[in-house]
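The values are calculated or read from the model by the stated rules, or taken from the named source; none is laboratory data. Computed from a prediction, not measured in an experiment: that's the story for all the values here. No Cβ is skipped: glycine too gets one built from the backbone with ideal geometry, and neighbour counts run over all protein chains shown.
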Amino acid sequence: MMPLLLTGFEAFHSHPVNPSAEAALALDGLVLDGRVLDGRVLGGLRVVSALLPVEPDAACARLTELLETQRPAAVLLTGLASGQPQVTLERVAVNVMDFRIPDNAGRQHRDAPVHAGGPDAYLSTLPLRAVLTAWQAADIPGHLSDTAGTFVCNAVMYHALHALRALCRADVPCGFLHLPANARVALAEAKAVPYLPQAELTRAVEVAARTVAAAVSDGA
Ligand code: PCA
């Protein structure tokens with residue numbers, strides 16, 4: 001069974017946990033002796049989860065390795081955007097790193113490209129409208145965003161789309177989804193931020209992954 005690569009990020013900045021990591025790990029398809037345990041098959045694809053470091057070089061290197069070794073049929077990248085009120089699908093990744101805060105390696109890239117000489121931007125190749133419709137049907141308010149920021153999430157989305165092209169696999173649906181805070185992230189914020197229970201965030205990722213996987217399976 002073909003894999004769907006689902007990534008989350010490690011904790012970063014002042015956040016004690018990263019809801020994207022918790023969702024990705026909760027949905028990981030446990031495989032033993034070639035058999036998928038625990039029913040983590042979504043829409044005809046086996047979920048393979050991975051956590052990425054919040055540092056662009058290491059995250060991009062890990063992602064390249066995962067794309068080459070797993071050869072996923074779809075890629076769903078997720079991260080935290082504390083302060084966002086809803087789950088958010090990103091439409092576009094830009095070739096810019098301009099960090100307002102240091103990454104987990106303590107570096108703060110300013111006005112730097114993700115890939116020197118690369119195109120200015122890549123558009124998500126996920127079935128965005130289908131995911132929004134599936135969220136709506138599942139009573140999950142969500143929306144489409146036209147900027148993934150200029151921090152590590154944007155860099156990783158840009159890199160994934162760039163790397164798939166380089167691997168002649170641009171037909172693999174790939175894109176990014178930002179999650180709001182969960183309760184633990186919200187409790188650690190200095191100001192009030194909207195939050196959702198982790199189970200609801202995980203459910204939103206699951207619905208998105210199932211929709212992406214079903215689109216791949218339908219087209220296969
Ligand atoms: N969110 C950050 C990086 C890691 C994460 O989960 C971002 O939005 O760029």
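Kindly provide the set of residues from segment 53-86 that are under 20 Å from LEU167 (Cα atoms), among the hydrophobic types (A, V, I, L, M, F, W, C) and in contact (Cβ under 8 Å) with a residue 12 or more places away in the chain, ordered by number. Across segment 53-86, the qualifying residues are ALA58, ALA59, CYS60, LEU63, LEU66, LEU67, ALA73, ALA74, VAL75, LEU76, LEU77. Considering the conditions (1) more than 23 Å from ARG62 (Cβ to Cβ); (2) within 12 Å of the ligand (Cβ to nearest atom), ASP98 is excluded by exactly one of them, (1).
Within segment 27-43, take every residue that is surrounded by 17 or more Cβ atoms within 10 Å (Cβ to Cβ) and not charged (D, E, K, R) and give me the one that is modelled with the highest pLDDT. Filtering first and then ranking leaves LEU27.
Quick one: count up the residues across segment 71-94 that are polar (S, T, N, Q) and over 12 Å from the mean Cα position of the chain (by Cα).
Looking only at that region, the number is 3.
For segment 148-160, indicate whether the set of residues that are over 14 Å from the mean Cα position of the chain (by Cα) and within 11 Å of the ligand (Cβ to nearest atom) is non-empty.
Restricting attention to segment 148-160, the residues satisfying the condition of being over 14 Å from the mean Cα position of the chain (by Cα) are 150.
Now narrow it down to the ones that are within 11 Å of the ligand (Cβ to nearest atom): 150.
Checked against the condition, which is being over 14 Å from the mean Cα position of the chain (by Cα) and within 11 Å of the ligand (Cβ to nearest atom), segment 148-160 yields at least one hit.
Regarding LEU179, is this residue touching a Cys at 6+ places or on another chain (Cβ under 6 Å) and within 16 Å of the ligand (Cβ to nearest atom)? Taking the combined requirement at face value, the residue does not satisfy it. Out of segment 125-147, which residues are more than 20 Å from LEU196 (Cα to Cα) and within 15 Å of the ligand (Cβ to nearest atom)? Result: ASP146, THR147.
Looking at segment 104-202, the strands (runs of 3 or more DSSP E) lying wholly inside it that each contain 3 or more residues that are surrounded by 19 or more Cβ atoms within 10 Å (Cβ to Cβ) and in contact (Cβ under 8 Å) with a residue 12 or more places away in the chain sit at 174-179.
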